[in-house]
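Report on the following structure.
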Amino acid sequence: MWHEVNRQRALTAAAVVAAVAAPLVIVDPYIHRLMATVALAAVLAVSLNLVLGYGGLLALGHAGFYGIGAYTAALLSLRLGAPFLLTAPAAAVGAALVAWVVARPILSLRGHYFAMAMLAVGEIVVQVAYNWDGVTRGASGLPGVAPPDLFIWTATTHRDNYYLGLALLGLALLAVRRFVGSPLGLGLVAARDDDQGAASVGIGVAQTRTLALALAAGIAGLAGALYAHYITFVSVEPFQLEQTIALLAMVAVGGLGTTWGPVAGAILLTLLPELLRGLAELRMVVYGGLLMLVVWLRPQGLLGAGGLRRGLRVPERWAPAPRTGVPADPAPVAARASTPDGASAAASAAVAASRVAPGDVANRASPRPALLTAPAPSASADAPLLRVEHLTKDFAGLRAVADVSLEVAPGEIVGLIGPNGAGKSTVINLISGAHRPTSGRIWFAGREITHADPSRVARAGLVRTFQHIRLFPSLTVRQNVEAAYQVRLGLSFGAVMTRSRRYREAMEQMRAAVDEALARFGLEGVQHRLAGTLAYGDQRRVELVRALATQPRLLLLDEPAAGMNEAESAELARLLQEIRQHHGLAILLVEHHLDVIMEVCERLIVLDHGTVIATGRPEEVVRHPEVLRAYLGGSP
Amino acid sequence: MSQAAPLLAVIDLTITYGGIRAVEQVSLTLQEGELVALIGANGAGKSSTLRAVAGLVPIAAGDVRLAGESLRGVPAHQIPRRGLVLVPEGRRVFGELSVLDNLYLGGYTRTPEEREAGLERVFALFPRLKERARQAAGTLSGGEQQMLAIGRALMANPRVLLLDEPSLGLAPVVVEQVFDLLRRLHAAGVSMLLVEQNARMALAVADRAYVLQTGRIVMAGPAAELAASDAVRARYLGAGRMPVPPGGAATGPDDSA
Amino acid sequence: MAAVTLPVVIDQLVSGLAIGGVYALVALGFALIFGVLRAAQFAHGEVYMVVAFLVLGVLPWLPWSGPLQFLLAVVAAAVFGAAAGVLIERGVFRPLAAAPHIAPIISTIGLMILLQNLVAYLKGSELHRFALAWPQGNVALGPASVPALKLVIFGTALVIPALLQVALTRTQLGRAIRATAIDPETARLMGVDTARTSAVAFAIGSALAGIAGVLVGALYGVVYATMGVSALVKGYTATIIGGVGNLVGAVVGGLLLGVFEVLVASYVSPRWTDSIVFAVLIVLLALRPHGLIGRAIPEKL
């Protein structure tokens, strides 16, 4: 592994040296011009990759942000005589701001709806530039932009501008890597893998994507400023849909979601038409054919290791957990016993200890901020934690849930049962914010959450799991848990980009807490495997750890034992009881496995045709005639 | 029991995913009119076995023979034509299509006359489906969807019916109905190979059963005998308290790493 | 700016419905292909363009010049389109079936560039006159007199989707196509040869694009090498308005888009039409994230 890292560093260093030295060796200005063009294309491709590769968002309007940057810089230069050092940041901020403003309403859109909205944004930019004669001079464009002036030095030649482009590329690569290699990047990739799963653990999907899009737009805006000052002339052609499509091809041909793929793609697809110049008019015909050929030969991209299908590696910027050499804590169990519910904690630590190597126990038991400590109880401990009143939901004329009221007290395990189609999943979806109720209200921990979106509900401490496991398949087990844990760190964009001290401390805290959680659930051995490759039972366990990493006060579990045999579901029941004891959290459990229900639930609520038909202690409810008729079968 | 050649024979079946063996040298037989259950833990290879028989998963080694004819290498869409139909896990009805359209698709390999006859048979078996023939299948309850999935498979008038976890995610009262239906089909002479998590129910309806563990058959015999065996009771019927190891009993593709 | 009188409004509406009908056919084909292959066909507009050129080439050879010429032109377009579709499905999509989702997108972008430049190389990048002998002249429609051509185009764009709808809902092949779009694996378990149904759906979708290309050629009287790009954008827009995967929605979306464009161009500003259309689209998507007609249906209750 370390050889691999060293080899990559050596390769990177060699590439940088070559990129810097090449124009000094080759003196042909035509080549310099080409290199400057490649550098600009690479900057744009790297920025698009953040959104497309890591974010999974088909951003069909990326060239629009490039255009906003170019026009901003050109107008500031022409109207106010502002130098490049002022116009460039202004261009970046302008493009990022537009991205920020337009992104908020459309970032919750999925797939092609998002692509369409971005295409529309890009088209509007082009149309405005083309038609707003008074400002942009329409089709005639804006000539006479000053060359890039850095006060002490002005870039005049193609080579000078190439170096500026190269510097910009370095900046773009660093910014993208920092973003992607941070908890925010984990959130971005998690949302790409499964946006509902991401929201269910509190990841602000739209916020994270907005940040990524704004960062990408800002970088594109910078590139636009450099373009305007370098070419000294701006008109709409370079910012049209065709440019976005070309960038798309660069990123995909190079390798989506790889650090260097977009650069490789930019080099190849910028130089290819130049190399084909001898073909004159057939040049673009051959270019199109070669593009198809490259995709056919390497569908995952030149540098892609498997693309989106087989998952994607997020650069690990923080050191992996040390395997050896950590001094053993002299009193692991004592450290544990200092948690609020000491006795049961020690007991479960003992359970966990039986599963992991002694060294690991010592490692995770040192007094670090713990992942799994229960949150402080709220002021009114006897008030219900969750209160649902008169909840009703209609789907296209079909009443799925009708006037359901229920309560869950802190620390209580409540079972929600009923026949298929009774509305159990809808109730879970309504409480967790995935659906909006037609009427009725929901309170959690004293606050109304009736219309809160899923990620806010999760951050408030009400976390759900899904009947069909929704792990993030292209993240490792560890990253799955970290993606959920990082939400509570509340890291700012600034902290992430500057790697501030607070950021580094937060990373340390996260690493320790996640180590502990993985060890507790016996997942240490598989922590670096992709979550999707695990056995079913382990995936269920990861899902639980991930949910617990958000420090919930109420877990909504939707058929966690589905597809388990009786021995496996008995193990699950044990695990749920342990979690409840140790974390003092409440659980609302939807389940068909009666053995699980009877073993862990203190109270049952039975739904049929969207209404509550019975509620009470399990042994009473299972004898209720209505329940027997509608759900259990048999006779009293 | 009939001494004739088995209707369905799985012979030394091996299935690999990316080089990792999920199912290893599994052999089993199904006689005409028999109901055979295949039980085991999650990831033991039960579903993979069924999917390989139905042609959805390539067979790495071994063979599957239906009435003596090999199904190895036959594309999935040609297998129903030969008389073998799989009712997939999770029901998989076409939710946006009507119940009737779903049934017509079940009879895709049949002539129009056979389809109409099949439709009458299925409606006689499931009067509920007739009432809801024009409704979108997605609006049916889970139990009704399972009936539709089975009815859809019967439309092909198969010689062998494979059922993958028909009780999955169903309420207890509906699980009873599904197993009642299996009993009725069994009594009517339909040959079935059943994969089930609910080992207790499966062993109660089956003639014979096989137990799969990490891709291999570890036990086989008459269902009643297996249901009485201590090993099966402890491991699959939840009678004992078997600690499940942290890695889980199941194997994932990377377990060997 | 146009006057707001009934004859003028009728005239505008008919113009909008004619061009909207073209968008509807493009969108319907795009949606059909997308539904079955789950992949965006970015060279869909090039099929439209290439077929328009091919039909322009065979037009002098057609033996009739009345309504039969129109009919034959449409049939020829469907045949050429279907053939192109089969070639693209076999050559581009099937080899990339197991590749990441982006791969067929990029490959069809390559195809788009290739075809556009090939036609420009062979035929030149100028406008080519495209005239059908029928329908000519105007017909009275209430107080207005509108070109018969526009009514015929609109009618064609209604009849063909209606025929397709019947085929998709009433025949076994149609059911197989819809089943393949919903769940290909289960469709195979029913005995459906999904590779074949995908190819058929692709051929039908491309035939629709080809017909649209001929209709738009007749409507504007010209065809040119880069006409496919705007067709793709409009068709894509119409698909989104109608809701991805919703075939009826694609047709309605196309008609709405056409009428809206013509009305904005006439009564607001021809220059800012595209900007306004796209701005309205963004607002629409913000309010209705699954398109105007698409709706979110819960997976289960």
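Residues in segment A:399-429 that are in a helix (DSSP H, G or I), among the β-branched types (Val, Ile, Thr) and either free of Cβ contacts under 8 Å to residues at least 60 places away in the same chain or crowded, with 23+ Cβ neighbours inside 10 Å (or both): 2 in all.
Among the candidates A:VAL263, A:VAL251, single out the residue that is at the interface with chain C (Cβ under 10 Å from one of its Cβ atoms) and under 34 Å from the mean Cα position of the chain (by Cα). Outline the logic, then answer.
Values: A:VAL263 fails: at the interface with chain C (Cβ under 10 Å from one of its Cβ atoms).
Only one candidate qualifies: A:VAL251.
Do we find that C:LEU163 is closer than 18 Å to C:GLY81 by Cα and part of a helix (DSSP H, G or I) in this structure? Yes, satisfied.
Just one residue in the set C:SER145, C:SER206, C:SER230 is in contact with a Gly (Cβ under 6 Å, 6 or more places away or on another chain) and of a type in the set (S, T, N, Q); that residue is C:SER206. Just so you know, in segment B:87-98 the residues that are more than 8 Å from every other protein chain (Cβ to nearest Cβ) and either in contact with a strand residue (DSSP E or B) (Cβ under 8 Å, 6 or more places away or on another chain) or part of a helix (DSSP H, G or I) (or both) include one that is surrounded by the most Cβ atoms within 10 Å (Cβ to Cβ), and it is B:VAL87. Residue count for segment A:556-588 under the criterion of being within 18 Å of A:ARG470 (Cα to Cα), buried (at least 23 other Cβ atoms within 10 Å of the Cβ) and under 27 Å from the mean Cα position of the chain (by Cα): the result is 3. Of the residues making up segment B:165-193, those that are out of contact with any Lys or Arg (no Cβ under 8 Å at 6 or more places or on another chain) and in a strand (DSSP E or B) number 2. Just give me the residues in segment B:99-132 being closer than 11 Å to B:ALA156 by Cβ and in a loop (DSSP other than H, G, I, E, B), in sequence order. The answer is B:GLY107, B:TYR108, B:THR109, B:ARG110. For segment B:112-155, a residue qualifies if it is within 14 Å of chain A (Cβ to nearest Cβ) and not aliphatic (A, V, I, L, M), and the qualifying residues are B:ARG128, B:ARG132, B:GLN135, B:GLY138, B:THR139, B:SER141, B:GLY142, B:GLY143, B:GLU144, B:GLN145, B:GLN146.
Restricting the search to segment C:206-221, which residues are crowded, with 24+ Cβ neighbours inside 10 Å and out of contact with any strand residue (DSSP E or B) (no Cβ under 7 Å at 6 or more places or on another chain)?
We begin by selecting, within segment C:206-221, every residue crowded, with 24+ Cβ neighbours inside 10 Å; these are C:206-218.
Those that are crowded, with 24+ Cβ neighbours inside 10 Å and out of contact with any strand residue (DSSP E or B) (no Cβ under 7 Å at 6 or more places or on another chain): C:SER206, C:ALA207, C:LEU208, C:ALA209, C:GLY210, C:ILE211, C:ALA212, C:GLY213, C:VAL214, C:LEU215, C:VAL216, C:ALA218.
Answer with yes or no whether A:ARG79 is free of Cβ contacts under 8 Å to residues at least 24 places away in the same chain and among the basic types (Lys, Arg). So A:ARG79 passes the test. Comparison of C:ALA40, C:ALA84 shows that the only residue that is of a type in the set (A, V, I, L, M, F, W, C), modelled with pLDDT under 95 and under 30 Å from C:GLU185 (Cα atoms) is C:ALA40.
Residues checked against (1) in contact (Cβ under 8 Å) with a residue 40 or more places away in the chain; (2) away from chain B (no Cβ under 11 Å); (3) more than 26 Å from A:ARG387 (Cβ to Cβ):
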position: A:GLN527; (1), (2), (3): yes, yes, yes
position: A:GLY532; (1), (2), (3): yes, no, yes
position: A:ARG541; (1), (2), (3): no, no, yes
position: A:ALA547; (1), (2), (3): yes, yes, no
position: A:MET564; (1), (2), (3): no, no, yes
position: A:ALA570; (1), (2), (3): no, no, yes
position: A:ARG574; (1), (2), (3): no, no, yes
position: A:HIS583; (1), (2), (3): yes, yes, no
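Taken over segment A:256-290, the criterion of being touching a Pro at 6+ places or on another chain (Cβ under 8 Å) and not charged (D, E, K, R) is satisfied by A:LEU256, A:THR259, A:MET284, A:TYR287.
Considering A:LEU52, A:LEU78, A:LEU58, A:LEU44, which residue is surrounded by fewer than 24 Cβ atoms within 10 Å (Cβ to Cβ) and part of a helix (DSSP H, G or I)?
On the way: A:LEU52 fails: surrounded by fewer than 24 Cβ atoms within 10 Å (Cβ to Cβ); A:LEU58 fails: part of a helix (DSSP H, G or I); A:LEU44 fails: surrounded by fewer than 24 Cβ atoms within 10 Å (Cβ to Cβ).
Going through A:LEU52, A:LEU78, A:LEU58, A:LEU44 in turn, the sole match is A:LEU78.
It is to be established whether one or more residues within segment A:18-39 are polar (S, T, N, Q) and crowded, with 24+ Cβ neighbours inside 10 Å. First the steps, then the outcome.
Residues of segment A:18-39 polar (S, T, N, Q): A:37.
Next, from what is left, pick out any that are crowded, with 24+ Cβ neighbours inside 10 Å: none.
No, because not a single residue in segment A:18-39 is polar (S, T, N, Q) and crowded, with 24+ Cβ neighbours inside 10 Å.
Give the residues of segment A:380-413 that are among the charged types (D, E, K, R) and either within 11 Å of A:THR611 (Cβ to Cβ) or within 13 Å of another protein chain (Cβ to nearest Cβ) (or both), sorted by residue number. Residues satisfying the conditions are A:LYS393, A:ASP394, A:ARG399, A:ASP403.
The helices (runs of 4 or more DSSP H) found entirely in segment C:182-301 that carry 3 or more residues being within 11 Å of chain A (Cβ to nearest Cβ) are C:227-242, C:273-287.
Report yes if some residue within segment C:199-216 is under 30 Å from B:VAL53 (Cβ atoms), without any contact (Cβ under 8 Å) to a residue 60 or more places away in the chain and of a type outside the set (Asp, Glu); otherwise report no.
Restricting attention to segment C:199-216, the residues satisfying the condition of being under 30 Å from B:VAL53 (Cβ atoms) are C:199-201.
After this cut, where a residue has to be without any contact (Cβ under 8 Å) to a residue 60 or more places away in the chain as well, the list is C:200.
Now drop any that are not of a type outside the set (Asp, Glu), which leaves C:200.
Taking every residue of segment C:199-216 in turn, at least one turns out to be under 30 Å from B:VAL53 (Cβ atoms), without any contact (Cβ under 8 Å) to a residue 60 or more places away in the chain and of a type outside the set (Asp, Glu).
Quick check, is A:LEU11 in a helix (DSSP H, G or I) and in contact with a Leu (Cβ under 9 Å, 6 or more places away or on another chain)? No; evaluated as a whole, the condition is false for this residue. In the set (1) touching a residue at least 60 places away in the same chain (Cβ under 8 Å); (2) more than 10 Å from every other protein chain (Cβ to nearest Cβ); (3) charged (D, E, K, R), the condition left unmet by A:GLU123 is number (2).
The helices (runs of 4 or more DSSP H) located wholly in segment A:476-555 that include 1 or more residues which are more than 17 Å from the chain's Cα centre (by Cα), surrounded by fewer than 24 Cβ atoms within 10 Å (Cβ to Cβ) and of a type outside the set (Lys, Arg) occupy A:493-498, A:501-520, A:536-549.
How many residues does segment A:152-172 hold that are among the hydrophobic types (A, V, I, L, M, F, W, C) and surrounded by 20 or more Cβ atoms within 10 Å (Cβ to Cβ)? Don't jump to the end; show me each part of the working.
From segment A:152-172, those among the hydrophobic types (A, V, I, L, M, F, W, C) are A:152-153, A:155, A:164, A:166-169, A:171-172; that's our starting set.
Within this subset, residues satisfying the condition of being surrounded by 20 or more Cβ atoms within 10 Å (Cβ to Cβ) are A:155, A:164, A:166, A:168-169, A:172.
Matching residues across segment A:152-172 total 6.
Of the residues making up segment A:116-131, at least one is at pLDDT 90 or above and over 37 Å from the mean Cα position of the chain (by Cα).
All conditions but one from (1) basic (Lys, Arg); (2) over 30 Å from C:THR169 (Cα atoms); (3) under 21 Å from the mean Cα position of the chain (by Cα) apply to C:LYS234; the one that does not is (2). Out of the residues in segment B:195-244 meeting the condition of being at the interface with chain A (Cβ under 8 Å from one of its Cβ atoms) and under 22 Å from B:LEU162 (Cβ atoms), tell me which one is modelled with the lowest pLDDT. Only one residue fits best here, namely B:TYR236. Against the list (1) within 28 Å of A:ILE413 (Cβ to Cβ); (2) touching a helix residue (DSSP H, G or I) at 6+ places or on another chain (Cβ under 9 Å), the condition A:ALA495 fails is (1).
So that you can scan it fast, the table gives a plain yes or no per residue for (1) within 14 Å of another protein chain (Cβ to nearest Cβ); (2) in a strand (DSSP E or B):
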residue	(1), (2)
C:LEU115	yes, no
C:PRO135	no, no
C:VAL146	no, yes
C:GLY155	no, no
C:LEU168	yes, no
C:ARG178	yes, no
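The values are calculated or read from the model by the stated rules, or taken from the named source; none is laboratory data. What you see is a predicted model, and the numbers here were worked out from it, not measured in a lab. In this analysis, Cβ positions are derived from the backbone assuming ideal geometry, glycine residues included, and neighbour counts consider all displayed protein chains.
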